[in-house]
Structure formats: C-alpha cells, structure tokens
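**Q** Take a look at the following structure, please.
Laboratory data are not the source of any read-out in this text; all were calculated from the coordinates shown. Quantities reported herein were computed from a predicted structural model and do not represent experimental measurements.
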Amino acid sequence: MTYVITDACVDIKDKSCMQECPVDCIYEGGRMLYINPEECIDCGACEPACPTDAIYFDIDLPEEKKDFERINKEFFIPIGNLGGSRYLKNNNLDHE
C-alpha cells in the first residue's frame, strides 16, 4: 500500500506535502509531484498537507483516478530508487 498523487497536482506543485514527508519520498517532476511507492512508508502525513486534495491512499483512489497509481510507479522506472528526492538532479522529468 502507498499514497498516490493525482491530476489535481498537475501544473500546481504546491510542495506542502514534500515538507511533511518524513522519508523524502515525494519527487518533483516537470508538471506534478510523484510519490515513490518503494520509499513511501504509508504514514499519511502528506495527505492532509495537500491543499488541492491530490493525494489518496491507493485503496481509496476514485475509479477515475486509478491510472495515477500506475503513473506514479512508472515515473520512477528511468530514475530508479534514489533514496530520497533530494538526490534527483533533473526535476523536469515527467511520466510519458
């Protein structure tokens, strides 16, 4: 189980959730933020911090947002598990 960032974050990137994440598993892409499902510890600190309600626990994703679970996972395929967003040097990447 993990948390998932959805379409309400596209072109917003408020980053309040990044400040609350105790394990630095929220990464900035070019147009939105992504949660690394391999690094997320399911603490839930990010969800209430999001002002656009873009973050859901994966089992609570509305049907129309289910693709974002895959999108968050696929964002990390080319970069792998870096051990924290502070190690991502190019934040202009996005899911294709």
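**Q** Taking a cut-off of 12 Å between Cα atoms, list the aspartates and glutamates near Lys65, but don't count ones fewer than 8 places away on the same chain.
**A** Reachable aspartates and glutamates: Asp7.
**Q** By a straight-distance test (C-alpha under 18 Å), which lysines pair with Lys15 as possible cross-link partners, with residues fewer than eight away in the same chain excluded?
**A** By straight Cα distance, Lys15 reaches Lys89.
**Q** Translational diffusion coefficient, Stokes-Einstein: compute it for the chain using the Kirkwood radius over C-alpha pairs as Rh, at 37 °C and 0.692 mPa s, and state it as an integer in µm² s⁻¹.
**A** 254
**Q** Note down the relative contact order for the chain as a percent, whole number, built from C-alpha pairs under 8 angstrom at least six residues apart.
**A** Reported as a whole number, the value is 39 percent.
**Q** Between rounded, prolate and oblate, where does the stretch 25-65 land on the alpha carbon gyration tensor, with a ≥ b ≥ c its root eigenvalues, rounded for a/c under 1.5, else prolate if a/b exceeds b/c?
**A** rounded
**Q** Still on this structure, please answer the following. Per DSSP H run of at least 4 residues, take -39500 (n - 2.57); add these up for the chain, divide by its residues and hand me the 222 nm value, nearest 500 deg cm²/dmol.
**A** Mean residue ellipticity at 222 nm (helix-derived): -4000 deg cm²/dmol.
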